[in-house]
Amino acid sequence: MIEFQFNHILIHIQIIIYIIAVFRVLRKSKKLYLENYAGKNIASYNWLFQFTIVLTVIYMVALLKNILKFSDYPHISEGIKIGLLVSSLFIFCWYLFKVLDNPELFRNIDSKLKLVSELVSEEKNKGQSVTDEREYNEDLLKLKKYMAEKKPFLNSSLTIQDVSRDIEIPVRDLSLLINHQIGQHFYDFVNTYRIENAKDILKDTTKSKVTILEILYEVGFNSKSSFNTAFKKHTGSTPTDYRKNLKISSL
């Protein structure tokens, strides 16, 4: 029936639009995470992105199954159907495992948070400068002093709200200071201090027996992959290679 075919096509168009919208939301979420969080929260984006990719692949396979169903290869369609049912079971188990093992993954982003680009745009629309030069210098000195003395980056779950509360600078102003004026995401800004601290530990000959895993937890990271990625981004080498080069240069 023509009505059935039309509804079938319309449903698939809606699903494709929905998938595109989800990826757009995820892209914005990634920016919000990087601009406001410096710990476990970024794992939420990584997992949600992976989960969305898996569901998109499943949908594409299901679409192929439906196409083959009305072609000259209906037996292939039935085989794909069985494969989808089995893979759905694995996906459900994976999802359940994530829920039980990492409940923090499902905590929402603060709905009041805005992208820095949006904040800057609002300031310009109001005819105001993003920040006064004198005020910027004062806040920057206060921030650097706080990071050096209090070492908040050692907290693996540090957020921009935590820093804002401790140094008494509004989240909005602090976000503009770090993400716009300094030109770094909050995530990278905090990781810079963590990496410098890790480098100091690696250079300390009295701590030569401390493992890389122990170091990454000590300086505020919560996974080896994120530590290696951040370390290589800031130094150009992995922590292990960095330690080896230090030993070679000391000979």
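The values are calculated or read from the model by the stated rules, or taken from the named source; none is laboratory data. These numbers were taken from a predicted model, which means no experiment stands behind them. Counting neighbours? That spans all protein chains shown, and the Cβs are built from the backbone with ideal geometry, glycine included. Areas reflect the complete protein model, heavy atoms only, side chains present, ligands, DNA and RNA absent. Shrake-Rupley method; radii C 1.70, N 1.55, O 1.52, S 1.80 Å.
Excluding LYS247 itself, what net charge comes from residues whose Cβ is under 15 Å from its Cβ, given Lys and Arg +1 and Asp and Glu -1?
Details: positive: LYS199, LYS203, LYS207, LYS209, ARG243, LYS244; negative: ASP204, ASP241.
With Lys, Arg at +1 and Asp, Glu at -1, the neighbours total +4.
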How many nm is it between the label spots at LYS150 and ILE53, if each spot is 7 Å from the Cα in line with the beta carbon?
-> 3.7
For THR238 and LYS69 in one chain, what is 0.36 nm times their gap in residues minus the Cα-Cα distance, to one decimal in nm?
-> 55.8 nm
What does the highest-first list of 225-238, 11-24, 167-180 look like by mean Cβ count within 10 Å?
-> 167-180, 225-238, 11-24
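How large is the Kirkwood hydrodynamic radius of the chain, in angstrom, based on all distinct alpha carbon pairs?
It is 21.9 Å.
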Lys, Arg +1 and Asp, Glu -1 on Cβ, resulting dipole of region 175-251 about Cα centre, debye, nearest 20 | 300
In degrees, nearest ten, helix 239-250 long axis to first principal axis of the chain (Cα) = 30
Can you give me the relative contact order of the chain as a percent, contacts being Cα pairs under 8 Å and 6 or more apart?
-> 22
Taking TYR217, TYR187 and ranking on accessible area (1.4 Å, protein atoms only), highest first, one gets TYR217, TYR187
